[in-house]
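Comments concern the structure below.
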Amino acid sequence: MSEPATAEKLGLTPSQTVGPFLRIGLNWQDESSVVPAGTPGAVTIGGRLFDGAGEPVPDGIIETWQADPAGRFAHPDDPRGAVESGVPGFRGFGRSCTANDGSWFVITVRPGPVPAADGTLQAPHLDASVFARGMLNRVVTRIYFPEDAEAHAEDPVLRSLPPERRGTLVAATVEGGYRFDIRLQGGAETPFFDL
Amino acid sequence: MTDTTATARRMALPRYERTDGLHPPLDYPGYRSTALRHPKEPLVLLPQNLTEVTGPLLGSERVTPADADLTTRHAGEAIGQRIIVSGRVLDSDGRAVPDTLVEIWQANACGRYRHVNDQWPAPLDPNFDGLGRTVTDSSGRYSFTTIKPGAYPWKNHHNAWRPAHIHFSLFGRAFTQRLVTQMYFPGDPLFPLDPIYNSIPDPEARKRLISRYNHDLTQPEWALGFEFDVVLRGRAATPFESAEDDK
């Protein structure tokens, strides 16, 4: 963090597509388990990944990253201090290679609200990356929760979107968890972010 | 201290440099499959806050030492030219990224992937599945032993062939640094013909994906050595500038 930087910047490595055979390298047996099986309060967040023709994308992968229920990260760059989660085995990270019908899911616990650098509060959210054959770089989106409508009205990221697009970042309640479809292109295109 | 007190306001977060012009465009007609898989709406600026400047610190718990040698994971030895692929994971300020997970996958020596959807008439090797994982050491260095992958045909256009490559997946230490890319081999005659390689706008940046033959890595009577460093986003020059200033 306080290491001196070298005077000359090194050239960054550019992105390339994951290609059609990503599952060989990126599939883990426990990939969907942000929390271990049987964790109290665990929910499934999942949905389907669609292309611009409305067809499912069977050769993609969704990755999620989130705070724990207290809104904390076990990471040294969290200036509030890196704290292990009170949820045993909480990994914060999930991934899910899409199935033939484009479906994906992670099993997790709801994150707490997370402050923004300027002191305002962000509504509970997951960051998600989408990779697929036919995508030369990942795209990034966010997943919010339907219970938090009040917090959404104050969330700086949701507020940066046109009002009619905000709802597409809010998951729907379904039995056992939440549904969040991702549309890469087209009518109800998911908002994607420049990070 | 709770998160919402005044003392928690204006947190000093690391801030990562922008990557404008570096990555291939998501809409790239030369690679036909991008047509229906790129957003048409403009991307929205996401300020780098806690979720973005942190990330999964995945390390040795996910790998065994055997995962770094793709040639010896089965009863017999994998067929092909044995190679060592090694390099460092750094950020653009030259800081090493230690203890970070590196995942690779690739075709076999004949250019065939062990995947149900790869059915072109090249042989599978029962002793090669094309998957490797390792963790960088304290200086950010990784090393794999594998087989030089073959080129393979794809259906993007008539007589289309991908240059030989190895897929690389990297995490760095922050969500902002996540990167999936491909490593190529020096002198491949297919470079000028490959839309995926040429989708990178800057020809100098393309060359960063080409590994270098390194005789010091080569092991006598065993394996040829190729060096491939990966450079992830470093810190932005003005760490406390407000995100609004970027618009």
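Read-outs: derived from the displayed coordinates by stated rules, not from any lab. In this text, all values refer to a predicted model and were calculated from it rather than measured experimentally. Note: ideal-geometry Cβ built from the backbone for every residue, glycine included; neighbour counts use all protein chains shown.
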Report summary line: What the 5 Å binned alpha carbon P(r) of the stretch B:62-132 shows, as percent of pairs per bin from 0, is 3, 14, 22, 20, 15, 11, 8, 5, 2, 0
Requested in this report: Under 1.5 on a/c is rounded, so check that first for the stretch B:1-127, then, if it is not, pick prolate when a/b is larger than b/c and oblate when it is not; a ≥ b ≥ c are the square roots of the alpha carbon gyration tensor eigenvalues.
Outcome: oblate
Report summary line: The ³J(HN,Hα) series, computed from each phi in the stretch B:226-233 with the Karplus coefficients 6.51, -1.76 and 1.60 at θ = phi - 60°, rounded to the nearest Hz and given as x for glycine or proline, is 10, 9, 8, 8, 10, 10, 9, 3
Report task. May I ask you to list the GluC sites (Glu not before Pro) in the stretch A:117-195 that are in a DSSP loop and have at most 13 other Cβ atoms within 10 Å of their Cβ? Result -> A:175
Report summary line: One computes Rg over Rh for chain B from alpha-carbon atoms, with the Kirkwood Rh, and obtains 1.01
Query - Whether chain A is rounded, prolate or oblate, judged on the alpha carbon gyration tensor where a/c under 1.5 counts as rounded - result: rounded
Report task. Mind sorting B:137, B:194 by how few other Cβ atoms lie within 10 Å of their own Cβ, fewest first? Result -> B:137, B:194
Query raised in the report: Expressed as a fraction of 2.2 N^0.38 Å, the rule-of-thumb size for a compact globular protein of N residues, what is the C-alpha radius of gyration of the protein assembly as shown?
Result: 0.96
Query raised in the report: Between residue B:116 and residue B:81, what is the spin-label point distance in nm, taking each point 7 Å from the Cα along the Cα→C-beta axis?
Result: 3.4 nm
